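For reference, the structure discussed in these notes is given below.
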Amino acid sequence: MAGKLPVISGRKVRKAFEDAEWEFVRQRGSHMILVKEGTLVTLSVPDHRELARGTLRCLIRASGMTVEEFLGFL
């Protein structure tokens with residue numbers, strides 16, 4: 001994956017995934033849970049001020065998107 005990931009908040013990540021048709025279903029502690037109809041994957045986005053780039057990359061990979069596709073939703 002070639003795209004350079006920014007350091008952004010968990011809330012901005014959640015908003016980007018919601019724009020990509022993921023649905024926020026609940027929050028447990030500091031983790032926001034998102035699901036998408038038609039997939040078995042559940043995303044657990046930490047509600048932190050700054051998300052580690054590795055964590056963000058894992059979330060993007062789990063969602064089935066490329067980094068470039070994800071960056072298009074920011």
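Taking Ser30, Ser63, Ser44 as the candidate residues, the one with maximal mean-square fluctuation in a Gaussian network model of the chain, Cα springs under 10 Å, is Ser30. The label-point distance for Arg11 and Thr66, in a model that sets each label 7 Å from Cα toward Cβ, rounds to 3.2 nm. Loop sites here are trypsin sites (Lys or Arg not before Pro) outside DSSP states H, G, I, E and B with no more than 14 other Cβ atoms within 10 Å. The longest part of the chain free of them is 5-48. Only DSSP H runs of four or more residues enter the estimate; each adds -39500 (n - 2.57), and after division by the residues of the chain the mean residue ellipticity at 222 nm equals -10000 deg cm²/dmol. Are there any chymotrypsin sites (Phe, Trp or Tyr not before Pro) in the chain that are in a DSSP loop and have at most 11 other Cβ atoms within 10 Å? List them by number. Here no loop site has a sparse enough neighbourhood.
Multiplying the residue separation of Leu74 and Phe24 by 0.36 nm and subtracting their alpha-carbon distance yields 16.3 nm. For region 10-71, the dipole from Cβ point charges (+1 on Lys and Arg, -1 on Asp and Glu) about the Cα centre works out to 340 debye, to the nearest 20. The mean of 1/r over all pairs of different alpha-carbon atoms in region 10-71, once inverted, gives a Kirkwood hydrodynamic radius of 11.6 Å.
Read-outs: derived from the displayed coordinates by stated rules, not from any lab. The structure presented is a predicted model; accordingly, all values stated were derived computationally and were not measured. For neighbour counting, all protein chains shown are included, and Cβ atoms are generated from backbone atoms with ideal geometry for every residue, glycine included.
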